[in-house]
Amino acid sequence: MQLFKGLEELRGWRKQQTQSIALVPTMGNLHEGHLKLVDLAKRYADKVVVSIFVNPMQFGKNEDLDSYPRTLDADCQALAERGAAAVFAPQVSDIYPRGLDVQTVIEVPQISDILCGASRPGHFRGVATIVAKLFNMVQPNFAVFGEKDYQQLQVIRLMVKDLSLPVDIISAPTERAQDGLALSSRNGYLSASERACAPQLYAILQQLQAQLQRAGVDVAKLLAEAAQQLTAAGFKMDYLELRRQSDLQPAEANDQDLVLLVAAYLGTTRLIDNLTFSRHA
Ligand code: PAF
């Protein structure tokens, strides 16, 4: 497996490639969820490139940019074992040569300032901008993203559509611990008691989805009750919403493909999860 720390080296390698390429963009500190993205990428393309870059543009001022775990050696070892062809681990100066404040940015309207975007202003501008740049640098045929970050996935799908980017977006199901907690690099921040409480996030989403499948239910009341249950379990709620899948706008009566999205804090750790389902007319 090759490791490229500079853009020129990556571009030199990319020019020589004649086979199809799938990109798995990550911020490192890889867990089994990321490695499953690599497995899926290998089913689509001849070679898999994994980018590892903790992107400062998508972190808010009071977020965990400085403390975000950086584990490049262990990540490369795991990726080599999993059969990645190359890792691209650039420096901030390679990605933002003029500095963050004067960088051209990509805004995906409507979807970027709701839900997580409302609580994390500018976050999806940072995600869309880095993903577009990585697409230009790696020039993949495919790119694989986890459904765990559902809003991110839909922001990227819309960006690709709006800008006619020649990349097929593949989504991978959320990888979960045995007790149902979605795998996330940020789970490492949870204390033992918070970790014990965390699986309730998904358990309550599952219970809510079963209730929502019944005809004639009061959606707002069920959402409020589920949020209250999470609060009683020790979460501090950010949001719990039922949205349509395509653009994450509020679900209307005739929308069939729906998604429940939740964000809530345990202590200082912000957890997100979601559950997609179809409602039949
Ligand atoms: O999901 C992530 O790890 C990041 O948001 C991504 C897609 C690598 C962009 O920095």
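Assorted remarks:
- Taking 7 Å steps out from each Cα toward its Cβ at LEU7 and VAL92 produces label points 1.6 nm apart.
- Share, in percent, of DSSP beta bridges within the chain that are antiparallel, nearest 5: 50
- FRET efficiency for LYS236 and ASP39, using Cβ-Cβ distance with R0 set to 41 Å, rounded to 0.05: 0.70
- Excluding same-chain neighbours fewer than eight residues apart, the lysines reachable from LYS148 by a Cα-Cα span under 16 Å are LYS36.
- Here the sum of -39500 (n - 2.57) over DSSP H runs of 4 or more residues, divided by the residues of the chain, equals -11000 deg cm²/dmol at 222 nm, to the nearest 500.
- FRET efficiency for the pair GLU252 and SER119, taken as 1/(1 + (r/R0)^6) with r the Cβ-Cβ distance and R0 = 25 Å, rounds to 0.55.
- Shown in residue order for region 144-150 are the 3J(HN,Hα) couplings computed by the Karplus curve 6.51 cos²θ - 1.76 cosθ + 1.60 at θ = phi - 60°: 10, 10, x, 6, 4, 8, 5 Hz (x for Gly and Pro).
- Measuring nothing but how far apart in sequence close Cα pairs (under 8 Å, 6+ apart) lie, relative to its length, region 203-281 scores a relative contact order of 26 percent.
- Counting 0.36 nm for each residue step from VAL105 to GLU32 and taking away their Cα separation leaves a gain of 23.2 nm.
- Amide H contacts of PHE53 (H built 1.01 Å from N, under 5 Å, at least 5 apart or other chain): THR26, MET27, GLY28
- Shape category assigned to region 97-196 from the gyration tensor of Cα positions, a/c cut at 1.5: prolate
- Over all Cα atoms in region 11-94, the spread is summed up by Rg and Dmax: 13.7, 44 Å.
- Fewest-first sequence of MET237, MET137, MET159 by Cβ atoms within 10 Å of each Cβ: MET237, MET137, MET159
- For the chain, the longest site-free run once trypsin sites (Lys or Arg not before Pro) in DSSP loop states with at most 14 other Cβ atoms within 10 Å are removed: 99-213
- For CYS116, net neighbour charge (Lys/Arg +1, Asp/Glu -1) across residues whose Cβ lies under 11 Å away: -2
- Largest-first principal axis extents of the Cα set of the chain (Å): 59, 42, 38
- Globularity index of region 140-233 is 1.38 (Cα radius of gyration / 2.2 N^0.38 Å, N = number of residues).
- Counting Lys and Arg as +1 and Asp and Glu as -1 over every other residue whose Cβ lies under 12 Å from the Cβ of ILE169, the net charge comes to 0.
- Bridging of LYS161 to lysines at a Cα separation below 17 Å is possible for LYS133, once same-chain residues fewer than 8 apart are set aside.
- Within the shell defined by Cβ-Cβ distances under 14 Å, the residues around ALA74 carry a net charge of -2, with Lys and Arg each +1 and Asp and Glu each -1.
- Largest-first principal axis extents of the Cα set of region 68-139 (Å): 40, 29, 24
- Where GluC sites (Glu not before Pro) fall in DSSP loop in region 1-70, at most 14 other Cβ within 10 Å: GLU63
- FRET efficiency, GLN19 to GLU81 (Cβ-Cβ, R0 22 Å, nearest 0.05): 0.55
Readers should treat all values here as calculations from the given coordinates under stated rules, not as data from a laboratory. Keep in mind the model is a prediction, meaning the values are calculated, not measured. Positions of Cβ are generated from backbone atoms using ideal geometry, with glycine treated the same way; all protein chains shown enter the neighbour counts.
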